[in-house]
1. Of everything in region 224-242, what is in a loop (DSSP other than H, G, I, E, B) and more than 11 Å from the ligand (Cβ to nearest atom)? Give them in sequence order.
2. Testing Lys261 on (1) under 30 Å from Ile216 (Cα atoms); (2) more than 16 Å from the ligand (Cβ to nearest atom); (3) part of a loop (DSSP other than H, G, I, E, B), one condition comes back false. Which one is that?
3. Under the condition of being in the same structural domain as Phe145 (by TED's automatic domain parsing) and at pLDDT below 80, which residue from region 56-84 is farthest from Ile10 (Cα to Cα)?
4. Lys44 - would you say it is farther than 18 Å from Val161 by Cβ, outside any loop (DSSP other than H, G, I, E, B), at pLDDT 85 or above and among the basic types (Lys, Arg)?
5. Going through region 8-23 one residue at a time, which ones are over 38 Å from the mean Cα position of the chain (by Cα) and either surrounded by 10 or more Cβ atoms within 10 Å (Cβ to Cβ) or assigned to a helix (DSSP H, G or I) (or both)?
Amino acid sequence: MGEKARLDSIIRIQSCYIVDKYISLDQKTYNPAVPHKACLKLGKRATFVPVFNDQIPDHYYNFATFDELKDRATPPKMLTDYIGRVEDTDNPTTRAGTRLKKVIIQDTRENTFEMTFWPDQSSTLPDHVKKGDILAITSAAVTNFEGNYQLESTPATTVTVNPTTADTANYITRLKNLPTKALAQLDKNIVTITQLNAEKNKDRKTRGRFTCLAKIKAIPDNRAWFYAPCPNPKCTKKLHLLTEPTTKFVCEDDDNIEQPKVMYCVNAIITDDIQDASVVFFDEAMTTLLNITCEEMITVHKYHDKREIPDKMYSVINTQKLMNVTIKPDRTIAVNSVAQPPITALPQPATTPTTALPPTATSAPSLLPATPAAKINPAKRPYHQLKDKKA
Ligand SMILES: [Zn+2]
């Protein structure tokens, strides 16, 4: 019998035992879960006597602070407990053929960063987790991706959604009172269009998420601006729009298309006045820009021609926005969402050659209107401080 199977047959997780006849050795440095000086070696002579006592706590949190993450990103990687509020959840994404779940969490000091849940462990992140939920996470690993600290799940990671225990009450109160951050503020990778194009031209298969401050320069005509896939999951056809006798989407194969999901996909050129990029605005981004859903645009505003750009779309040209973009594996750039450029999200000039992207002489802040200094609170840690720290 292997060591693990032997111990599994003796002890049960969440139970307590008095352990005797062990050997105490110096600590191993591999992924220690808690700071400790010794390592207990439990051989066949070790004895386990169950302890039955209702007063024994069934969990122990040792939440790390943001400042502690730096040390934990290098070996020995101490496993890390963290507590924070969900600011954004991602649909499962595929990286190198592996489906990942990601959340962006904000801690009590308004630091935001990403946590990745690996697929073999993704049962630890319940599907119902949504924006505003508070997560108490245990035994995560800290990694450093291009200057940004991230958390990743390990096989030992547990997630408690909206914990109610006494030792988390203080955190919960503070987290609930945090200001809501605009989605665009959460993304640390604020780049210029020049930098975005450089990223796009890199030969890597992974996706990249970035934010840029840009405006739409042009919307080319004669390209479809919406798509309407057949809602039958077994059908791959696109729906056709009939306008007589009423506006209606139909599939050539399937009857009774009740609730077609029509979505914007608008090809456009964006610019930051220094360089341009070709992008596709997806449904959420274009809906926010226009304040009109794609379905309303077609049925209410009667723009029926898939290839004729609605006039209303031209009205958003030259409006500056923070754009959350993804570089897809096929190297197209998708704009997933847009937000007003918040004053506190001003991108800082790149001052260090160690950042992932080369600093440029013309950085984004110069494009913004002058900012009253009174709005900058030096006591707050801006989300981009990590990058600046490296200077
Ligand atoms: Zn169909």
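The values are calculated or read from the model by the stated rules, or taken from the named source; none is laboratory data. Only a predicted model underlies this, so the values are computations on that prediction, with no experimental measurement involved. Don't worry about glycine lacking a Cβ; one is built from the backbone with ideal geometry, like all the others, and counts go over all protein chains shown.
1. Across region 224-242, the qualifying residues are Ala224, Trp225.
2. So the condition that Lys261 fails would be (2).
3. Among them, the one singled out is Pro75.
4. no
5. Ser9, Ile10, Tyr17, Val19, Asp20, Lys21, Tyr22, Ile23
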